[in-house]
1. Kindly list the number of the only condition in (1) β-branched (V, I, T); (2) over 26 Å from W272 (Cβ atoms); (3) within 20 Å of the chain's Cα centre (by Cα) that fails for I26.
2. Restricting to segment 173-204, count the residues that are among the polar types (S, T, N, Q), closer than 16 Å to L76 by Cα and open to solvent by 30 Å² or more (accessible area, probe 1.4 Å).
3. With a cut-off of at least 3 residues that are open to solvent by 60 Å² or more (accessible area, probe 1.4 Å), name the helices (runs of 4 or more DSSP H) lying wholly within segment 205-286.
4. Name the pairs whose Cβ atoms lie under 6 Å apart, with the first residue in segment 31-55 and among the basic types (K, R), the second open to solvent by less than 60 Å² (accessible area, probe 1.4 Å), and 6 or more positions between them or separate chains?
5. When you scan segment 80-104, how many residues do you find that are more than 12 Å from the chain's Cα centre (by Cα) and under 15 Å from S246 (Cβ atoms)?
6. Being within 14 Å of the chain's Cα centre (by Cα) and either open to solvent by 30 Å² or more (accessible area, probe 1.4 Å) or among the polar types (S, T, N, Q) (or both) is the filter here; which residues of segment 57-76 pass it?
7. Report the residue count in segment 129-154 for those that are open to solvent by less than 60 Å² (accessible area, probe 1.4 Å) and farther than 18 Å from H93 by Cα.
8. Taking segment 24-36 on its own, how many of its residues are open to solvent by less than 10 Å² (accessible area, probe 1.4 Å) and not aliphatic (A, V, I, L, M)?
Amino acid sequence: MNPGLFYAALAYTAWGLLPVFFKQLIRVNAFEIVMHRMVWSLVFLLCVLAVLKRWAWLRDLARQPRVLLAFAVSALLLSVNWSVYVWAVQNAHMVDASLGYFILPLVNVALGFAFLNERPRPGQWLAVAVAAAGVLWLTVQAGRLPWVALVLAITFGIYGLLRKLAKLGALEGLTLETLLLWPMAVGMLAWWAWHGQGALVQGDPATLGWLLLAGPLTAIPLLLFAAGARRIPMATLGILQYISPSLQMLLGVWLYGEAFEPARAIGFYLIWAALLLYSADSFWNARKQRFNQ
């Protein structure tokens, strides 16, 4: 088994369950939660680097302005994605967020085709077409531009492409991203605290504990994702991604009582059918390759 499949599947499962964590912070502003994610993620990552004694890569960054620019862009994309996602979870738009991550595989396939010279097989194209039909149906049923879904899909799709092409490893790359975001995050948290606002001043011990936990809960899935993205094709990464929105949708509807009209179920059935088609195509292709060897 390709270890990239295992890493990516674990990452998407963790992200699918992440709304349960954000619901514990419902009284904290979404943007403030993102600032805490940046700060405590960097603290966690620096501890990991200290244990592993992997600091040599930092010396070369000053001579690699293109690398710094690429990671500045990926860090910006990550911050936008985090902010929109946390807002969606806190404001009962979890199903809309799941739609964004159902759209994401289509973005991944397009990016892989356009920039990585990946050529999906006919069965994979059929799966993408069925998934596109499901997304179109869900969009029509909503009766409005699904901005939450589109922002989440586009930002994370481009982020995944940049991380796949990155010259730094998963741990080093994520550390650099959070390091670039850290000054803004610390500045905002300090500003709120100075004015007697924010969870650092007004939060109870339980809230502060949840915010501290945001570090490892943010960093570990991203490390798994980055490690998986470097080892498997974008199209495969896109199909595995269905794990996360499926869990998000189930949590939103069954655990938190978000509206899910019967007509919308048709779109989700189409998307799940696409996942089955893609899986069957991959299984058949693997058997064919083994038979020909």
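The values are calculated or read from the model by the stated rules, or taken from the named source; none is laboratory data. Predicted model only: the values in this text are computed from it and were never measured. Every residue, glycine among them, receives a Cβ derived from its backbone with ideal geometry; neighbour counts consider all protein chains shown. The protein model used for the area step is the full one, side chains on, heavy atoms only, and it has no ligands, DNA or RNA in it. Shrake-Rupley method; radii C 1.70, N 1.55, O 1.52, S 1.80 Å.
1. The number of the failed condition is (3).
2. Step one: list which residues in segment 173-204 are among the polar types (S, T, N, Q), which gives 175, 178, 197, 202.
From what's left, closer than 16 Å to L76 by Cα: 175, 178.
From what is left, the residues that are open to solvent by 30 Å² or more (accessible area, probe 1.4 Å) are none.
Selection size over segment 173-204: 0.
3. Numbers: elements: 205-229, 234-240, 243-250.
The helices (runs of 4 or more DSSP H) meeting that bar are 205-229.
4. R37/A214; R37/T218
5. Going through segment 80-104 one residue at a time, the tally reaches 5.
6. Going through segment 57-76, the residues within 14 Å of the chain's Cα centre (by Cα) turn out to be 74-76.
Of everything in segment 57-76, those that are within 14 Å of the chain's Cα centre (by Cα) and either open to solvent by 30 Å² or more (accessible area, probe 1.4 Å) or among the polar types (S, T, N, Q) (or both) turn out to be S74, L76.
7. Residues in segment 129-154 being open to solvent by less than 60 Å² (accessible area, probe 1.4 Å) and farther than 18 Å from H93 by Cα: 6 in total.
8. Total satisfying the criteria: 1.
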